[in-house]
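What follows is one structure encoded as structure tokens, with my remarks underneath.
The values are calculated or read from the model by the stated rules, or taken from the named source; none is laboratory data. All of these numbers come straight from a predicted model, not from anything done at the bench. Cβ atoms come from the backbone with ideal geometry, glycine included; neighbour counts cover every protein chain shown. Accessible surface is based on the protein model in full, side chains and every heavy atom, while ligands, DNA and RNA are left aside. Shrake-Rupley method; radii C 1.70, N 1.55, O 1.52, S 1.80 Å.
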Amino acid sequence: MTGRPVDLGEPDRLYTLTGGRHRSDDACLDLVTLVVSESDPAPGMTSEHVRILELCRRPTAVVEVSADLRLPVTVTRILLGDLLATRRVTARHPRPVPRATLPDSTLLKQVLDGLHHL
Amino acid sequence: MDSTTSDPALRAPLGPAADTGLKIVVVGGFGVGKTTLVRSVSEIRPLNTEEVLTQAGVGVDDPSGAAGKNTTTVAFDFGRITLDARLVLYVFGAPGQKRFWFLWERLFGGTLGAVVLVDTRRLADSWYAIDRLEHHGTPFVVAVNRFAEAVPHGLADVREALSLSADVPMLDCDARERASATSVLIGLVNHLYDLSTARETT
Ligand SMILES: Nc1nc2c(ncn2[C@@H]2O[C@H](COP(=O)(O)OP(=O)(O)OP(=O)(O)O)[C@@H](O)[C@H]2O)c(=O)[nH]1
Ligand SMILES: [Mg+2]
């Protein structure tokens, strides 16, 4: 698969989107964290924030938002962080998979059941 | 617009009760069939995106300088499998290049486990991936993607050539076939389940 180049032709735009911020403080946003809109787009929002609110009317993973916006994951996390901070979206993570340890067998059994039903 | 990026409007959304995203990563050398496997198991056309990082691997220090030579762009693809009303599994095709491993924790930390896809004509291409997974303590299975042109090798021979320990499961597959590709994921999750129950009873 050929990777899509970043919007390197428009570095100013990336800068504008993120307000020059270094990175998201919201380290809890994993690639597969599901995000849900809590409000409709409002006038004055950037088109990216509007797109996110539209996309996330149903739960959508951070990485899907990134793919749909065609923005790098880092930039997507920052944009989502803005919306999280203003409570326009929420992140669902009731059962985070612990890092560097195995998830419990109950969860794995549910995954197996799901795969067997495909 | 990349032709593999599907229009979100045409993609079935997750159900309203979906609350837990899980991930499995497919790794292996260039052209071994990672994207093919993702496509075979996915309920959506595979999507792709990328991460842009500085060499230090901490983040985009200065997005305005993203074209600078000290940033690295790593593209990867992924598919999706809805497991039940709440659980959704994302399957990632890792990039073939070695430098991607600097991003492993950042991108794929917290993954359930990995599939190492192997082409018997280029076994050496998978050594690095196996070494890195062991280093990160990520559980994995090895799937031999059967390319028609390849001289058939028994799984035992492949195990020996890769110096794999006996407790790493091995499977044959044809990444192009949905049933075969799905059975690889089932093989991995069975392995994880065994590891998990063994740990819980000790
Ligand atoms: N005969 C055969 N061909 C396969 C199989 N799996 C993949 N291919 C072909 O091998 C080529 C490479 O497959 P990809 O899925 O793009 O491999 P990849 O690992 O994603 O490649 P990179 O992302 O470039 O590293 C494609 O032309 C596939 O059609 C298989 O099981 N059998
Ligand atoms: Mg690929």
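Buried surface between chains B and A: roughly 5400 Å² of accessible area, summed over both sides, computed with a 1.4 Å probe on protein heavy atoms only.
For B:Arg99, the accessible area of its heavy atoms, probed at 1.4 Å with every protein chain present, is near 110 square angstrom. Computed over chain B with a Gaussian network model linking Cα atoms closer than 10 Å, the most mobile of B:Ser126, B:Ser40, B:Ser165 is B:Ser165. For the range A:35-116, which whole-number percentage of the solvent-accessible area (1.4 Å probe, protein heavy atoms only) is attributable to carbon and sulfur atoms? Exposed carbon and sulfur together represent 50 percent of the surface. For chain B, the fraction of 1.4 Å probe accessible surface lying on carbon and sulfur atoms is 55 percent. Sorted largest first by accessible area at a 1.4 angstrom probe radius, with every protein chain in place, the residues B:Trp101, B:Trp127 fall in the order B:Trp127, B:Trp101. Surface calculation, 1.4 Å probe, protein heavy atoms: B:Ile130 sits at approximately 10 Å² accessible.
Inter-label distance, B:Leu10 to B:Arg121: 3.2 nm, where each label sits 7 Å from its Cα along the C-beta direction. At a cut-off of 50 Å², which residues of the range B:77-105 become less accessible once all protein chains are present than in their chain alone, using a 1.4 Å probe? Those are B:Leu83, B:Leu87, B:Tyr90, which lose 50 Å² or more relative to the chain on its own. Given R0 = 22 Å, the distance between the Cβ atoms of B:Val151 and B:Arg176 translates into a calculated FRET efficiency of 0.65. Approximating the spin labels as points 7 Å out from Cα along Cα→Cβ, the A:Arg57-to-A:Thr90 distance works out to 1.9 nm. Rolling a 1.4 Å probe over the heavy atoms of the protein chains gives chain B an accessible area of 42 Å² per residue. If you look at the Cα atoms of chain B, you get an Rg and a Dmax of 17.5, 53 Å.
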